[in-house]
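Q: Okay, here's the structure, questions in a sec.
The values are calculated or read from the model by the stated rules, or taken from the named source; none is laboratory data. Note that the structure is predicted; figures quoted are calculated from it, not measured. Every residue, glycine among them, receives a Cβ derived from its backbone with ideal geometry; neighbour counts consider all protein chains shown. Protein only, heavy atoms only, side chains kept; ligands, DNA and RNA dropped before computing areas. Shrake-Rupley method; radii C 1.70, N 1.55, O 1.52, S 1.80 Å.
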Amino acid sequence: MSIARISTLFLLLLSLSCATHTESVKLETTSCHTKRAAIDLGSGSTKLVVGLVDTCRGMVEGILFEAQRAVPLKDQLQASDDNEFNEEMQNRLRDVFDEFKYLAKNEGANDIRAVATSAFRTADNGGDVADLLKEQTGVDLEIISQEQEAKFAYSAALSKLKSMNVSQKPPIAIWDIGGGSMQITKPVDAKGEKTQVALLKVASVTFKNLVLKEFYPKGTKTPNPLKEERALKAMDLARITAKDQLSEFGNLKDYQVYGVGGVHYFSIGGQFKKANRVYNQSTLLAKLLERAKLTDKEINSKYASTDVTNMALVLGFMQTLKVDEVKPIKVNMAHGLLINPAFWN
């Protein structure tokens, strides 16, 4: 082969190589898809969600990985004398952050953000601990308001239900219960563009501690076994609390009610051990009385101390809100974070 032909062939290959590289760059820069990881520091557990996000349509194309770790922030705060996260809890948070950061990167997510909720809002050193975690792990961490919590959970749930082709007639209300706060959101116009939101301080851990305070000797660590009499008293306590805190919210009689967060899906739904995890007032009462006989060891859960009182809490609220049936879906606030544009800018 002549030198001229070799030179011509080399130039042709170089041209093709450059064209291919240019096309590759073009595809990357115009792509709407990215892998994101969101971490939610709840009051009773810390959650990680890694998703493939379509940024052009504002949708989660798929969940790639999820993880959850029991980190009892609210319990530690309420047991402390100074309302601060102690050193042991700070170290535990850092370890979980490091683990979640590794897991997220292992799934190909380089953009990792985190939010903290009720426990961080109420802790006297919440802001300092958040800044320290951000410095130690390199993960952006923001303490968000309860209003933001409600918004993220609501948008995540509606996105999920839309993908499931769930009809919005009757209208859909979203009930989110965490360890330290509760949010209930319902549409109040025909198009569902305007909403009414109830923001409550009673939730899984705070209600469990209230039950301990009202019905047990001082210093008792767990309500289990709750037993039938206290189970019914706890349900009444939840109903009274709901009436007091929801006096201006109205009821959910004419709504489909979907439960999001770990309390509805994992704690209560998990105790029914059904594929769809749907429960109503009748089945929930029967399950509450059945599980009220069990000790923490017999319940056999990382969240045993709240599993049974969660049922009393939800049942009391269902009675006040005139909700017959709750449909739990596997969605939490972190799913909503993945598609919120302001959170990633």
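Q: Would region 152-169 turn up any residue that is over 25 Å from Thr55 (Cβ atoms) and free of Cβ contacts under 8 Å to residues at least 24 places away in the same chain?
A: yes
Q: Output the qualifying pairs, or none if there are none: Cβ atoms under 8 angstrom, residues six or more apart or on different chains, first residue in region 269-281 and within 16 Å of Ala304 (Cβ to Cβ) and among the polar types (S, T, N, Q), second residue at pLDDT 90 or above and crowded, with 16+ Cβ neighbours inside 10 Å.
A: Qualifying pairs under 8 Å: Gln271/Lys287; Gln271/Arg291; Gln271/Asp307; Gln271/Met311.
Q: Output the residues belonging to region 108-140 that are crowded, with 17+ Cβ neighbours inside 10 Å and farther than 19 Å from Pro72 by Cβ.
A: Result: Ala109, Ile112, Arg113, Thr137, Val139.
Q: Would you say Val197 is touching a residue at least 12 places away in the same chain (Cβ under 8 Å), assigned to a loop (DSSP other than H, G, I, E, B) and surrounded by fewer than 23 Cβ atoms within 10 Å (Cβ to Cβ)?
A: no
Q: Could I ask something else about it? Is it the case that Gly250 is farther than 29 Å from Val49 by Cα, in contact with a strand residue (DSSP E or B) (Cβ under 9 Å, 6 or more places away or on another chain) and not in a helix (DSSP H, G or I)?
A: Answer is yes for this residue.
Q: Continuing with the same structure: Yes or no: Lys322 surrounded by fewer than 18 Cβ atoms within 10 Å (Cβ to Cβ) and modelled with pLDDT of 95 or more?
A: So Lys322 fits the description; yes.
One line per residue, one yes/no per condition, for (1) part of a helix (DSSP H, G or I); (2) surrounded by 15 or more Cβ atoms within 10 Å (Cβ to Cβ); (3) modelled with pLDDT under 90:
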position: Glu290; (1), (2), (3): yes, no, no
position: Leu294; (1), (2), (3): no, yes, no
position: Lys297; (1), (2), (3): yes, no, no
position: Thr306; (1), (2), (3): yes, yes, no
position: Met311; (1), (2), (3): yes, yes, no
position: Val314; (1), (2), (3): yes, yes, no
position: Met318; (1), (2), (3): yes, yes, no
position: Val326; (1), (2), (3): no, yes, no
position: Gly336; (1), (2), (3): yes, yes, yes
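Q: Also: Where residues in region 205-215 are touching a helix residue (DSSP H, G or I) at 6+ places or on another chain (Cβ under 8 Å) and open to solvent by 20 Å² or more (accessible area, probe 1.4 Å), which of them is nearest to Lys297 (Cα to Cα)?
A: Taking region 205-215 and keeping what is touching a helix residue (DSSP H, G or I) at 6+ places or on another chain (Cβ under 8 Å), we get 205-211, 214-215.
Next, only the ones that are open to solvent by 20 Å² or more (accessible area, probe 1.4 Å) stay: 206, 209-210, 214-215.
On the way: Thr206: 22, Asn209: 19, Leu210: 22, Glu214: 23, Phe215: 21 Å.
Within region 205-215, the match that is nearest to Lys297 (Cα to Cα) is Asn209.
Q: Mind checking which residues of region 282-302 are free of Cβ contacts under 8 Å to residues at least 40 places away in the same chain and small (Gly, Ala, Ser)?
A: Hits for region 282-302 are Ser282, Ala286, Ser301.
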